[in-house]
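All remarks here apply to the structure that follows.
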Amino acid sequence: MRPLSRIAGIGHYVPKNLVTNHDLTKYMETSDEWIRERTGIEERRYADRLGETTTTMGVEAARIAIERAGTTPEQIDFIVFATLSPDYYFPGCGVLLQRALKMKEIGALDVRNQCSGFVYALSVADQFIRSGMYQNILVVGAEKHSFGLDFTTRGRNVSVIFGDGAGAVVLQRAEREGQGILSTHLHSDGESAEILAMYNPGTHANHWMPTPYATFDEAAIGQTFFSHKMIEEGQVYPYMDGPAVFKKAVVKFPEVIQEALFANQLTTADLNLLIPHQANLRIAQFVQQKLKLRDDQVYNNIQRYGNTTAASVPIALSEAWEQGKVKENDLVCLAAFGSGFTWASALIRW
Ligand code: UT7
């Protein structure tokens, strides 16, 4: 049997600029109390506006992961980069990271799966290691949300949630029998694609509109790829029907975690640590309750970073590892749900 792949090195990077809930009240009608109660978020980090990009944060996280894996950028033979906030519409961040780290002319793939992006990226990398095609794969999840949020009261349901940051892992062949990524489970349901989406700029030409979810002037959206009207009317910002996303998330999270455990004939009692995508502390608590997990079986850090989308799972995993909460032989489950909808899990024997 071919060996599994293992996480040989992990790292994360968050910008220095700390933004509290109170800071946001300067721009919009919101309150520390509302944000804490509804999301659990107390503060988040915003990238330096000019000095940092999604790629540069990914590079910082990658440097740490590569060093901890005992390898060098020259030895990396493939890159998978997950983000919804790329430096350019195209090309993707993978090639920018390849350039920044002076890597060889290796393959670089960008994954655009939003909140589940990192788990999807990990799954792709896992297949390449298992098949023997590559030996050292760098998987990155990074976001610079702060550049694309509506900081007026109009956008408050979205903008208070998101933060910036990056996480990265290096995947290599497992060294021991039974060690590594035991399985990954990927899902999608495009029925509600517009429920959590950034419509513009895009080529949709209103083809998919109106939707039951778009609440603003549908006719005005997407007549052109990009227009002054879009900017003026705030149609260039993410749209989210929060309660509808919440309802679906609390069903799909437990489902995909149970699916991973069941596929490996394991149960929640075997789980040392669950790292849920940090979408909302209330969602994570609901999932914990539903699966009857103890507090020490779940790691959350949304309080300090907000929702960093594709970066949230690797940042949380990296922090938990640094704090000694992920030890050799531990069973770790990564799970994510978000825009698309897409959702995914990965079960790892560390
Ligand atoms: O990671 C990507 C996946 N995303 C998610 O998983 C997000 C899932 N959804 C959520 O986390 C929650 O739905 C939110 C945190 C986004 C919103 O919480 P909620 O409890 O569902 O609130 P709501 O959207 O139903 O809004 C309740 C009220 C509304 O006012 P009215 O209509 O009751 O007068 C909103 O206008 O809260 C208002 N509101 C705010 N008030 C203060 C919305 N955003 C804010 C805000 N500050 N930032």
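The values are calculated or read from the model by the stated rules, or taken from the named source; none is laboratory data. As the structure is a prediction and not an experimental result, all values here were calculated from the model. All Cβ positions, glycine included, derive from the backbone under ideal geometry; neighbour counts span all protein chains shown. Side chains are part of the model used for accessible areas, which takes the heavy atoms of the whole protein and leaves out ligands, DNA and RNA. Shrake-Rupley method; radii C 1.70, N 1.55, O 1.52, S 1.80 Å.
In this structure, is Leu18 open to solvent by 50 Å² or more (accessible area, probe 1.4 Å), more than 20 Å from Asp110 (Cα to Cα) and more than 16 Å from the ligand (Cβ to nearest atom)?
On the way: open to solvent by 50 Å² or more (accessible area, probe 1.4 Å): yes; more than 20 Å from Asp110 (Cα to Cα): yes; more than 16 Å from the ligand (Cβ to nearest atom): yes.
Criteria met by Leu18.
So that you can scan it fast, the table gives a plain yes or no per residue for (1) free of Cβ contacts under 8 Å to residues at least 24 places away in the same chain; (2) open to solvent by 10 Å² or more (accessible area, probe 1.4 Å); (3) within 16 Å of the ligand (Cβ to nearest atom):
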| position | (1), (2), (3) |
| --- | --- |
| Arg38 | no, yes, yes |
| Ile41 | no, no, yes |
| Thr72 | yes, yes, no |
| Ser85 | no, yes, yes |
| Tyr89 | no, yes, no |
| Leu96 | no, yes, no |
| Ala108 | no, yes, no |
| Ser116 | no, no, yes |
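With respect to the numbered conditions (1) buried (at least 18 other Cβ atoms within 10 Å of the Cβ); (2) over 18 Å from the mean Cα position of the chain (by Cα), which one is the sole condition not fulfilled by Gly58?
(2)
Regarding the range 133-145, can at least one residue be identified that is of a type in the set (A, V, I, L, M), within 27 Å of Trp350 (Cα to Cα) and out of contact with any helix residue (DSSP H, G or I) (no Cβ under 8 Å at 6 or more places or on another chain)? Don't jump to the end; show me each part of the working.
Here is the first cut: in the range 133-145, the ones of a type in the set (A, V, I, L, M) are 133, 137-140, 142.
Retained after the next criterion (residues that are within 27 Å of Trp350 (Cα to Cα)): 133, 137-140, 142.
When the remaining residues are screened for being out of contact with any helix residue (DSSP H, G or I) (no Cβ under 8 Å at 6 or more places or on another chain), the result is 133.
Yes, that holds for at least one residue.
Restricting the range 22-36 to residues that are open to solvent by less than 50 Å² (accessible area, probe 1.4 Å) and touching a residue at least 12 places away in the same chain (Cβ under 8 Å), which is nearest to the ligand (Cβ to nearest atom)?
Among those residues, the one meeting the criterion is Thr30.
Taking Phe151 as the residue in question, decide whether it is open to solvent by less than 10 Å² (accessible area, probe 1.4 Å) and among the aromatic types (Phe, Trp, Tyr). Let's see the steps before the verdict.
Working: open to solvent by less than 10 Å² (accessible area, probe 1.4 Å): no; among the aromatic types (Phe, Trp, Tyr): yes.
Spelling it out, it is not the case that Phe151 is open to solvent by less than 10 Å² (accessible area, probe 1.4 Å) and among the aromatic types (Phe, Trp, Tyr).
Contact list please: Cβ distance under 7 Å, first residue in the range 284-296 and on the phi > 0 side of the Ramachandran plot, second residue in a helix (DSSP H, G or I), pairs at least six apart or on different chains.
Pairs that qualify, where the first residue is on the phi > 0 side of the Ramachandran plot and the partner is in a helix (DSSP H, G or I), are Lys292/Thr268.
Pairs, please: C-beta under 7 Å, at least 6 apart or cross-chain, first residue among the β-branched types (Val, Ile, Thr) and in the range 241-258, second open to solvent by 40 Å² or more (accessible area, probe 1.4 Å)?
As it stands, the answer is Val250/Phe286; Val256/His187, since those pairs meet every condition given.
Quick one: which of Asp164, Asp189 is touching a helix residue (DSSP H, G or I) at 6+ places or on another chain (Cβ under 6 Å), at pLDDT 85 or above and within 16 Å of the ligand (Cβ to nearest atom)? Lay out the reasoning, then the answer.
Numbers: Asp189 fails: touching a helix residue (DSSP H, G or I) at 6+ places or on another chain (Cβ under 6 Å).
Result: Asp164 is the single residue among Asp164, Asp189 that is touching a helix residue (DSSP H, G or I) at 6+ places or on another chain (Cβ under 6 Å), at pLDDT 85 or above and within 16 Å of the ligand (Cβ to nearest atom).
Could you pull out every one of the helices (runs of 4 or more DSSP H) wholly within the range 240-350 that has 2 or more residues that are more than 16 Å from the ligand (Cβ to nearest atom)? Before you say what the answer is, go through the steps one by one.
Working: elements: 242-263, 281-290, 302-305, 312-322.
Helices (runs of 4 or more DSSP H) meeting the threshold: 242-263, 312-322.
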